[in-house]
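Just below is one structure, and these are the notes that go with it.
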């Protein structure tokens, strides 16, 4: 709107009005064009423009504003005179003036309608959005006369549009953030609209025009019927129109497969006729892959759990809710299902249930793991088993639960105990072997008249022990065969000794050792004084098995013939005492035609439990204590299963003045002894595989002092209540034994 003077503006407006009147008169075919009509037109024009609720304006052929109505003045607070010409632009926002003017002037120049939106300042200073619309006016002669326009306040509409645009932007961002594919299908027209994300999910190019057939082709063949069926079911007017399904898509470009999840609803029109379908699609490939991986992991986990050699079980509220196959085997159940629902404490050994309940309480209340522990449980047929158990808390269905893993260490513990026992046995055997040799040396010295005789006898006896040790070692100390012992010991005498007996007569290790010593003594005696001392003399060694099959015994007879006449000796030497004391049932007959020795032995049970039955001996020696007989008047019970040890121990105590009331070699014999008037007792711990604890307890109850003599570690072999009993390690120092018995008997008043 180009500026000009107010007078010019009025003249232009009057000229324009007259032109309008002239046009009107011509239209009425009135050649006079009366002045009254012009005035009336002017009046009507002003009346209409002034009463209009919108801003009305006019301009001339040069785009100059020649009229503004009252509404404009009221809205802007600017008078009509001030608004004409340059004043009109003052009401337009500075940022919008250039766009407004350029568009307006272009419309004037081209004599075209004009439409523009811009901000206009209201009388209170607020900038309001308006829409300005104008129409070109032409005279009867077709000449352009100017524009007639109107301005409407659209601020509220703009605000609504801005809010709508903001909401749409938020929705767009939300859709993009969720990476949702959107689609809209007009059933009537067949128009199908997909957003860009949905095309990506189906492997389509951005410019692809999507059709329903193309959509169906994008569904994996194995999922197509199911997916289309679910979609068709949603079109049923009797339903709620909602649908949802998962299927795979196949990209037409590279054949790649993706999993998608579709959801939407059908919009029904008049007559419950489906007219439109709107839906969303999202990519769930990662979720499906994760689920597949999880299923595979769970399958592997279950396989590991099921084939595990460790028992695994879980319990909640005190009841078992899961168990693997190994747990079922450990606890003697037919299957893992048989353990489900059982009270978990029922699995524990009754003596362990209080401790198990405390561990469970700790796990549930503190939600902390408990240390790895060893605990007894009840296995198959109620047998006690030992498990190494680790437990951790977890949550199951919103409740505290416990997962336990147990490893059966019963066999391992048993093996460890056997190993410890074997080590103790090894130590015991070494000590007893040394003690036996030492006892043999001391006892041999008492009966030998010269050093040469002493050396010869001792070497022979040690050699006899060494030979049978070899036999026992080959049999892992499980015993030895009687025939091997006899032939091994008598081999040097050749045909002078006739041997006959059953070939399979297994002896216990202890009896084998003692029989070897007896055979050596008998042969040595026969070579010096008996049948083997003269040419032509013979010795018959025969044996046979007697007794029931469950308690077989062998009867061996040594009979000499063809030697010098025999008579019973006036003095009993160590050899004779050894023969009679080494074995429990030996009978010597000094017949004129030759010595006869009858021996009865128990055979080792075949397949029975192995017991160590090695030799035991007690160190002995001459001492001042013995010479002074410090134990005179003391009645001593001696319990020792090894003959050499018993002989030597008896000799030591008798030299100290003690009276040996009984020498018991078995637990049964020791328990049968009456303890009336006993001053003390010396007990071997291991009596042919049986512990002498019961004998010790009986003597302690009757206030008889006792001393243990053993080749074992006392702390390992004795029960706790007997560890206070004085114990001497084999080979025992003779003076220490005598002093200990003196101390005990003096304290006891005996």
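A short reminder: the numbers here are calculations on the coordinates, not readings from a lab. Predicted model, so just to flag it, every value in this text is computed and none were measured. Neighbour counts are summed over all protein chains in view; Cβ atoms, including those assigned to glycine, are modelled from backbone coordinates with ideal geometry.
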Worksheet item: Which residues in the range 299-333 place their backbone N less than 14 Å from a point set 7 Å from the Cα of residue 390 along the Cα-to-Cβ direction?
Response: 309-313
Practice prompt. Would you calculate the volume per residue, in Å³, of the smallest convex hull containing every Cα atom of the range 624-748?
Written response: 92
Worksheet item: To the nearest 0.05, how large is the calculated FRET efficiency for residue 236 and residue 166 if R₀ is 45 Å and r is the Cβ-Cβ distance?
Response: 0.70
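If you build the convex hull over the alpha carbons only and average its shadow over all orientations, what do you get for the range 308-408? Give it in nm² to one decimal.
On the way: hull surface 22.8 nm².
For the Cα atoms of the range 308-408, the hull's average projected area reads 5.7 nm².
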Worksheet entry | Highest to lowest packing among 258-267, 589-598, scored as the average C-beta count within 10 Å | 258-267, 589-598
Practice prompt. Provide the percentage of antiparallel DSSP beta bridges, counting only those with both residues in the range 624-748; round to the nearest 5.
Written response: 10
Discussion item. Taking the Kirkwood radius as the inverse of the mean 1/r across Cα pairs, report the Rg/Rh of the range 101-230.
Written reply: 1.25
Worksheet item: In nm, to one decimal, how far is the modelled label at residue 602 from the one at residue 211, with both set 7 Å along Cα→Cβ?
Response: 10.4
Discussion item. Starting from 0.36 nm per residue, how many nanometres of slack lie between residue 254 and residue 550 once their C-alpha separation is accounted for?
Written reply: 97.9 nm
Practice prompt. State, to one decimal in nm, how far the label point of residue 587 lies from the label point of residue 285, with both points 7 Å from Cα in the Cβ direction.
Written response: 10.3
Worksheet item: Based on the Cβ-Cβ distance of residue 358 and residue 295, what FRET efficiency does E = 1/(1 + (r/R0)^6) give at R0 = 30 Å, to the nearest 0.05?
Response: 0.20
Worksheet item: Using 0.36 nm per residue, how much length does the chain from residue 272 to residue 413 gain when fully extended, once their Cα-Cα distance is taken away?
Response: 42.7 nm
